[in-house]
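Step one of this worksheet: look at the structure below.
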Amino acid sequence: VIKHQVERLEALSTNLLMLSRLDRGILRADYEQFDLNVIIQRIVDEQLPLAQRKGIVLTFVPNTTLLTIVGSRDQMERVVVNLIQNAINYTLEHGKVTVTTDADERWVKFSVADTGIGILSENKAQIFERFFRSDRVRSTTEGTGLGLSIVKEIVELHQGNIEIESVINEGSTFKVFLPNRM
């Protein structure tokens, strides 16, 4: 129990530090060019054991073209990890989580779709607020309510945007749009 509480406090302090850095705008220094498919594939492979322990099918359906973006590799990894872990955490046993990538002339896009508990329509506007956790979420999983606010701030820092579609008891899809620099 003590170890678990220490891990929660460590996660909270890490998230608060990240938000502080985002607020001060000090994360731009490490921008580079990288392939989003490579990052997502590695993270899906890393999260596969967590999904399998819950009996969840986790798949990645990449666009076969090179999806190059310019940004912070570390921060984009944080976005992908957070969205995939949330999808796994809020999906019931024997559900599915699917990650896809795509691109057009303007955007490099990726989405994380799950067959989870869904988000109430009245909560959709609040889910990106710091410390927000709906009553439904509090009763199913632990968390700080900071993850999605960090995700949104990182995406916006990269001049992108994030959208959500959700149906109660059917699942949610988070769609991230990042500028196509090619």
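The values are calculated or read from the model by the stated rules, or taken from the named source; none is laboratory data. Everything quoted here is computed from the prediction, not taken from an experiment. Quick reminder, even Gly has a Cβ in these numbers, built from the backbone with ideal geometry, and neighbours come from all protein chains shown. The area values use the complete protein model at the heavy-atom level, side chains included, leaving out ligands, DNA and RNA. Shrake-Rupley method; radii C 1.70, N 1.55, O 1.52, S 1.80 Å.
Looking for something part of a strand (DSSP E or B) and open to solvent by 50 Å² or more (accessible area, probe 1.4 Å) - is there at least one such residue anywhere in the stretch 89-104? Scanning the stretch 89-104, I find at least one residue that is part of a strand (DSSP E or B) and open to solvent by 50 Å² or more (accessible area, probe 1.4 Å), so the answer is yes. Restricting the stretch 157-182 to residues that are modelled with pLDDT of 90 or more and either of a type in the set (D, E, K, R) or part of a helix (DSSP H, G or I) (or both) leaves a set whose member that is most open to solvent (accessible area, probe 1.4 Å) is E170.
Tell me which of these T64 doesn't satisfy, since it passes every other one: (1) within 21 Å of E105 (Cα to Cα); (2) at pLDDT 80 or above; (3) surrounded by 15 or more Cβ atoms within 10 Å (Cβ to Cβ). Condition not satisfied by T64: (3).
Assigned to a helix (DSSP H, G or I) and at pLDDT 90 or above: is that true of A113 in this structure? So A113 fails the test.
Going by the conditions given, is V79 within 14 Å of V112 (Cβ to Cβ), out of contact with any Ser or Thr (no Cβ under 8 Å at 6 or more places or on another chain) and open to solvent by 10 Å² or more (accessible area, probe 1.4 Å)? No: the conditions fail for V79.
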